[in-house]
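Novice: There's a structure below that I have some questions on.
The values are calculated or read from the model by the stated rules, or taken from the named source; none is laboratory data. The model shown is predicted, which means the values in this text are computed figures rather than measured ones. Note that each Cβ is placed from the backbone with ideal geometry, even for glycine, and that neighbours are counted across all protein chains shown. Keep in mind that these areas ignore ligands, DNA and RNA; they rest on the heavy atoms of the full protein, side chains included. Shrake-Rupley method; radii C 1.70, N 1.55, O 1.52, S 1.80 Å.
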Amino acid sequence: MDTTPPDTTRPRLHVSGRDEDSPPALAQAVSTGSLPNTERVAGLMQDALDRYRTLDDGAVADYIPSLGTADPALFGLAIVAVTGDAHAVGDSDHLFSIQSISKAFVFALVCEALGHDSVWRTIGVNNTGLPFNSVIAVELNGGRPMNPMVNAGALATTALVPGDSPSTRWAFVRDGLSAFAGRTLEMDPEVYASESAANQRNQAIARLLQSYGHLTGDPLEVTDVYTMQCSLLVSADDLAVMAATLANGGVNPVTGRRVVSEEVCADTLAVMATTGLYEMSGEWLFEVGMPGKSGVSGGIITIAPGKGGLATFSPRLDGAGNSVRGQSATRFLSKALGLNLFASRPVA
Ligand code: GLU
């Protein structure tokens, strides 16, 4: 059990530590119902693709030079139900680097390995309200990484990955993300080389966290494993399986393999709901009503707990780094498929 004393300088909600005071089960905490029937899902996916495929707002990210070569016309959607049923339209099998979406899954794997309270104390779960690569967010918060979905928190999370060398820690990350996807994921060497040559800012954030005592291990090694995790190649089809694993209490609905616990899924989805779409997370929750996570290569995953996982891919991004077509398509599908977690009807 983690014996680190609670941090009394940081304001937080008054809840008792769950590791010590666990409720018996989360069995009744999943949302109810299932996805509409196959024909309706397939029809609405095609409808979403057709509605937004001509939306040309936004720009492809190029601060990592190799991302700038992506074809802005690419657009794919995939959905995987907790039953394992899958539907996909457009460029759903196109491979791209997972980037920030890896943060959600590495966080889940680290929570699984170290426990809820330890990760909460070390990383935090509150939104910074600032861009994903903000240095000022660290300074404004006493050197704390704040949450695992921005770069500072993701670097601090990757630093917690168990293993006695960078290669064993990398193997933990790659094997874990592959288990979520249900196939062995490969790193894109070109994206890795391109980001490694351009990630001085992430190296600086890791060093800054270290200077405050909030990053364990060597900052450059941690940044390197983080850069490798961001360079793993996935498709929207893969991401939908990964998202569906989080929707299915941690069991991959395609392979049947348990990847993380039900409790870890709930923790991960809570953090995604408040921080998954960078500083636009509040608007995302307002419009979509589900936890999501986006990445600067153009992917977005969205989870309907107990129902399934949705993934979108389109490289044009808004100013915060979220795919423009992906946001519109997800908002449309959330309404059309009845996925908003906050929607209710009065009892008869
Ligand atoms: N590897 C990217 C970075 O660190 C991930 C950013 C993102 O997708 O938000 O800048």
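Novice: State in Å² the accessible area per residue of the chain; use a 1.4 Å probe, count heavy atoms of protein chains only, and round to the nearest integer.
Specialist: On the way: 14740 Å² over 348 residues.
Accessible area per residue, the chain: 42 Å².
Novice: By the scheme Lys and Arg +1, Asp and Glu -1, what is the net charge of all other residues having a beta-carbon under 13 Å from that of THR274? Numbers along the way, then the final one.
Specialist: On the way: positive: LYS293; negative: ASP267, GLU279, GLU283.
Residues close to THR274 contribute a combined charge of -2.
Novice: Mind grabbing the base-10 log of I(q)/I(0) for the range 287-331 at q = 0.31 Å⁻¹? Debye formula, identical points on the C-alpha positions, no solvent, two decimal places.
Specialist: Relative scattering, expressed as log10 I(q)/I(0), comes to -1.13.
Novice: Would you kindly calculate the mean projected area, averaged across all directions, of the convex hull enclosing the Cα atoms of the range 152-211, in square nanometres?
Specialist: Taking the Cα atoms of the range 152-211, their convex hull projects to 4.8 nm² on average.
Novice: Send over the per residue convex hull volume for the chain, Cα only, as a whole number of Å³. Show your work: numbers first, answer last.
Specialist: On the way: hull volume 46.5 nm³, N = 348.
That works out to 134 Å³ per residue.
Novice: Quick check on the chain: helices-only [θ] at 222 nm, where DSSP H runs of length 4 and up contribute -39,500 (n - 2.57) each and the sum goes over total residues. Nearest 500, please.
Specialist: -13000 deg cm²/dmol
Novice: Could I ask something else about it? Could you work out the Rg to Rh ratio of the range 190-348, with Rh taken as the Kirkwood radius (inverse of the mean 1/r over all Cα pairs)?
Specialist: 1.01
Novice: What number comes out for the charge environment of ARG316, summing +1 per Lys or Arg and -1 per Asp or Glu over other residues with Cβ under 9 Å away?
Specialist: Result for the neighbourhood of ARG316: -2.
Novice: Taking amide H atoms as placed 1.01 Å from N in the peptide plane, list the residues 5 or more away in sequence, or in a different chain, whose amide H sits under 5 Å from that of VAL60.
Specialist: Correct list: LEU317.
Novice: What does the charge dipole of the chain about its Cα centre add up to, to the nearest 20 debye, if the Cβ of each Lys and Arg holds +1 and the Cβ of each Asp and Glu holds -1?
Specialist: Working: 23 positive and 36 negative charges, 130 e Å.
Magnitude of the dipole: close to 620 debye.
Novice: Let me ask another. Over 22 Å apart: what share of the alpha carbon pairs of the range 167-251 falls there, rounded to a whole percent?
Specialist: Cα-Cα pairs of the range 167-251 separated by over 22 Å account for 37 percent.
Novice: Say the dipole of the chain comes from +1 at the beta carbon of Lys and Arg and -1 at that of Asp and Glu; which of GLY298, PRO253, GLY68 then lies farthest toward its positive end?
Specialist: PRO253
Novice: In nm, to one decimal, how far is the modelled label at ASP57 from the one at ARG345, with both set 7 Å along Cα→Cβ?
Specialist: 3.2 nm
Novice: Express the carbon and sulfur contribution to the solvent-accessible surface of the chain as a percent, rounded to the nearest whole number, probe 1.4 angstrom. Show your work: numbers first, answer last.
Specialist: Values: 7970 of 14740 Å².
Exposed carbon and sulfur together represent 54 percent of the surface.
Novice: Ratio to report: Rg/Rh of the range 257-348, with Cα atoms as the point set and Rh obtained by the Kirkwood method; give two decimals.
Specialist: 0.99
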